[in-house]
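What follows is one structure encoded as structure tokens, with my remarks underneath.
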Amino acid sequence: MNQQLIDRLRAFHGHLGPFAMLGYRAGKLALAHLQAPSHFGIRAHVLCPPQTPPSCFVDGIQYGAGCTMGKGNISMEASEGIEVTVTVDDGGASVVIRPRPEVYSSFAEWMKEGSDETAALRVLGMTDDELFEPLA
Ligand SMILES: [Zn+2]
């Protein structure tokens, strides 16, 4: 089940956790919605709490959408809630992806019941509708 994805995300981020997986899913959803390629020609602006584990969301976005610090096409702003806006360059379309707060507020409990990995796999197994608010 998506073993390559799981191994690569773990290798990139250093561990497999629910916030990184949530960021990966958000990045993928944004690209699919915009019908945009990853890595180039897009930029991501991420709002999230500035400390781990919620900030692990940013690494998931980097992995899922290919917007990275080195290319300068991702920025982060401290916030209580979590969301990402992905915009196609040169005045293109944009989409705001908002994870459901009731989902990520359960992550601490899921990690306590199992582990960061089991919580991440639970996120991977959920549908976009379960994870994210309807796209604006
Ligand atoms: Zn993490």
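Summary table
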quantity: Cβ charges +1 (Lys, Arg) and -1 (Asp, Glu), total dipole of the stretch 3-125, debye; calculated: 240 debye
quantity: Which of Lys71, Lys112 has the fewest Cβ neighbours within 10 Å, and the rest in rising order; calculated: Lys112, Lys71
quantity: Gained length - His33 relative to Leu135, 0.36 nm times residue gap less alpha-carbon distance; calculated: 35.8 nm
quantity: Ellipticity estimate at 222 nm from DSSP helix runs (n ≥ 4, -39,500 (n - 2.57)) divided over the chain, nearest 500; calculated: -13000 deg cm²/dmol
quantity: Fully extended contour minus Cα-Cα distance, from Phe40 to Glu77, at 0.36 nm per residue; calculated: 11.2 nm
quantity: Added length on full extension, which subtracts the Cα-Cα distance from 0.36 nm per residue, Leu5 to Glu109; calculated: 35.0 nm
quantity: Mean separation of Cα contacts under 8 Å (6+ apart) over length of the chain, as relative contact order %; calculated: 29 percent
quantity: FRET efficiency, Ala93 to Phe12 (Cβ-Cβ, R0 30 Å, nearest 0.05); calculated: 0.65
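Rule-based calculations on the coordinates, nothing more; no lab input. Only a predicted model underlies this, so the values are computations on that prediction, with no experimental measurement involved. FYI the Cβ positions are ideal-geometry reconstructions off the backbone, even for glycines, and counts take in every protein chain you see.
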